[in-house]
Amino acid sequence: MQPGASYFQVNPSSGVPIYRQLMDQVRALVASGRLVEGDLLPSVRQVAQDLQVNQMTVSKAYSLLEHDGVVERVRGQGMRVNHQSPKGTVKERQAELRPLLEQVAAQAYQLALTREQVLAALAPLLKERGNE
């Protein structure tokens, strides 16, 4: 699967740097098997344009992913997933999701939203991504 630049989403007000959000999303896509060895990431320019962020921010994320061995630079093609990461157990993938869920839980508490209201807001988002 070749992800489009719109495959990524950032939240500038989350408190997590945008480059880190992009890195985390790429890692999660690799861990879940949605990005596999040989898949090309969208270009820095395309991601920056679609997300309306600075190209240097996307470039930093890609460079750090390259440094960590998640992707490799292919001359004339861009960044390619270097190797397939093991998918991990459900428990391991849930552990990776936990920091984001903690942020959601804290925000829901501050907004006085009930569990049911939070789940009702989350359900359509999961459905959009085919996670139902």
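The values are calculated or read from the model by the stated rules, or taken from the named source; none is laboratory data. If you're wondering where the values come from, they're calculated on a predicted model, not measured in any experiment. Glycine also receives a Cβ, built like all others from the backbone with ideal geometry; neighbour counts cover every protein chain displayed. Only protein heavy atoms, including side chains, enter the accessible area calculation; ligands, DNA and RNA are left aside. Shrake-Rupley method; radii C 1.70, N 1.55, O 1.52, S 1.80 Å.
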Report summary line: In segment 87-113, anything in a helix (DSSP H, G or I) and of a type in the set (Ser, Thr, Tyr) is listed as Tyr109
Query - Top-ranked residue in segment 9-65 [being in a helix (DSSP H, G or I) and among the basic types (Lys, Arg); ranked as nearest to the chain's Cα centre (by Cα)] - result: Arg27
Report task. Mind counting the residues in segment 23-79 that are over 24 Å from Glu92 (Cα atoms), open to solvent by 50 Å² or more (accessible area, probe 1.4 Å) and touching an Asp or Glu at 6+ places or on another chain (Cβ under 9 Å)? Result -> 2
Query raised in the report: Assuming Arg93 fulfils every condition listed in (1) of a type outside the set (Phe, Trp, Tyr); (2) in contact (Cβ under 8 Å) with a residue 24 or more places away in the chain; (3) open to solvent by less than 60 Å² (accessible area, probe 1.4 Å) apart from one, which condition is it?
Result: (3)
Query raised in the report: If you check Leu100 against the conditions, is it among the aliphatic types (A, V, I, L, M) and loosely packed, with under 11 Cβ neighbours inside 10 Å?
Result: no
Report task. Output the residue which, of all residues in segment 47-77 that are polar (S, T, N, Q) and in contact with a helix residue (DSSP H, G or I) (Cβ under 8 Å, 6 or more places away or on another chain), is nearest to Tyr19 (Cα to Cα). Result -> Thr57
